[in-house]
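The values are calculated or read from the model by the stated rules, or taken from the named source; none is laboratory data. For clarity, every value in this text was computed on a predicted model and none was experimentally measured. Note that we place each Cβ from the backbone using ideal geometry, even for glycine, and neighbour counts take in every protein chain shown. Heads up: the accessible areas ignore ligands, DNA and RNA and are worked out on the full protein's heavy atoms, side chains in. Shrake-Rupley method; radii C 1.70, N 1.55, O 1.52, S 1.80 Å.
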Amino acid sequence: MAKIVLINGSMNPNSLGKKLLNMASRTLQKKGHDTEIICVCDTNFPLYSPAVPLTEEMNIVSEKIKAADAFIISSPEYHGGYSGALKNLLDYQDGSGFKNKTIALMSTSGGMRSGINTLNSMRLIFRSLHAHVIPQQISVCEKELSENNELSEEAQSQFKSVLLGLLQEVSYRFQHRS
């Protein structure tokens, strides 16, 4: 089965993105996949500078990324784009950890039907890292989550579509390894 790393780009420890990734992780684990969540709010990376020496924590995160077969990346939408904290984490990677790997994208926002700019921006970043970003994606706002942390019917349908798309692509890539 696949090793799937889920990256939460929010600095809020109780973020909606983290809730989505926890739901995805549980679903993927039930299907036999190994998952791990990396939250940028737990990494304490300094603002990116090529002059900053890599810490042990930075190296551990990089190794987790390199060991992954696939990813789910979630970011809140801030002023029409993904979080600076996510970009900072990505800037510390050499890019090889994402090359030719499958990525599913999720965004969270304050309003209904927002988040598309965040998804588009992340898609461009991961394409420039030579990753395979699946076409299925989801953007969710707090209004689409009930008090008991269940997604609305429409959001649940999109969420399932994203996970299915990720798993189909991962399965295809495993079958066609050289």
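Against the list (1) part of a loop (DSSP other than H, G, I, E, B); (2) at pLDDT 95 or above; (3) among the small types (Gly, Ala, Ser), the condition residue 62 fails is (1).
Residues in the range 1-28 that are open to solvent by 80 Å² or more (accessible area, probe 1.4 Å) and within 17 Å of residue 103 (Cα to Cα): 1 only. When the residues of the range 129-160 are narrowed to those that are open to solvent by 50 Å² or more (accessible area, probe 1.4 Å) and part of a helix (DSSP H, G or I), which ends up nearest to residue 71 (Cα to Cα)? In this case the residue turns out to be 160.
Answer yes if at least one residue in the range 15-24 is at pLDDT below 95 and either within 24 Å of residue 171 (Cα to Cα) or part of a loop (DSSP other than H, G, I, E, B) (or both), and no otherwise. Yes: one or more hits. Could you please let me know if residue 169 is more than 21 Å from residue 70 (Cβ to Cβ) and either part of a helix (DSSP H, G or I) or out of contact with any Asp or Glu (no Cβ under 9 Å at 6 or more places or on another chain) (or both)? It is false that residue 169 is more than 21 Å from residue 70 (Cβ to Cβ) and either part of a helix (DSSP H, G or I) or out of contact with any Asp or Glu (no Cβ under 9 Å at 6 or more places or on another chain) (or both). Would you confirm whether any residue within the range 50-65 is under 14 Å from residue 129 (Cα atoms) and surrounded by 15 or more Cβ atoms within 10 Å (Cβ to Cβ)? Taking every residue of the range 50-65 in turn, at least one turns out to be under 14 Å from residue 129 (Cα atoms) and surrounded by 15 or more Cβ atoms within 10 Å (Cβ to Cβ).
I need a count of the residues in the range 76-102 that are under 24 Å from residue 160 (Cβ atoms) and either surrounded by fewer than 16 Cβ atoms within 10 Å (Cβ to Cβ) or in contact with a Lys or Arg (Cβ under 9 Å, 6 or more places away or on another chain) (or both). Count: 2. Of the listed requirements (1) within 13 Å of the chain's Cα centre (by Cα); (2) surrounded by fewer than 17 Cβ atoms within 10 Å (Cβ to Cβ), residue 117 misses just one: (1). Restricting the first member to the range 162-173 and to residues that are over 11 Å from residue 133 (Cα atoms) and touching a residue at least 24 places away in the same chain (Cβ under 8 Å), and the second to residues that are open to solvent by 30 Å² or more (accessible area, probe 1.4 Å) and acidic (Asp, Glu), the beta-carbon pairs closer than 8 Å and six or more apart or on different chains are 170/69; 173/69.
Say whether the condition of being open to solvent by less than 70 Å² (accessible area, probe 1.4 Å) and assigned to a loop (DSSP other than H, G, I, E, B) is met by at least one residue in the range 32-39. Let's see the steps before the verdict.
Step one: of the range 32-39, the residues open to solvent by less than 70 Å² (accessible area, probe 1.4 Å) are 32-33, 35-39.
Narrowing the set further to residues that are assigned to a loop (DSSP other than H, G, I, E, B) leaves 32-33.
Scanning the range 32-39, I find at least one residue that is open to solvent by less than 70 Å² (accessible area, probe 1.4 Å) and assigned to a loop (DSSP other than H, G, I, E, B), so the answer is yes.
Residue 70 falls short on exactly one of the conditions (1) out of contact with any strand residue (DSSP E or B) (no Cβ under 6 Å at 6 or more places or on another chain); (2) surrounded by 23 or more Cβ atoms within 10 Å (Cβ to Cβ); (3) not acidic (Asp, Glu), and that condition is (1).
Residues in the range 101-128 that are assigned to a loop (DSSP other than H, G, I, E, B) and farther than 23 Å from residue 170 by Cα: 110, 111, 112, 113, 114, 115.
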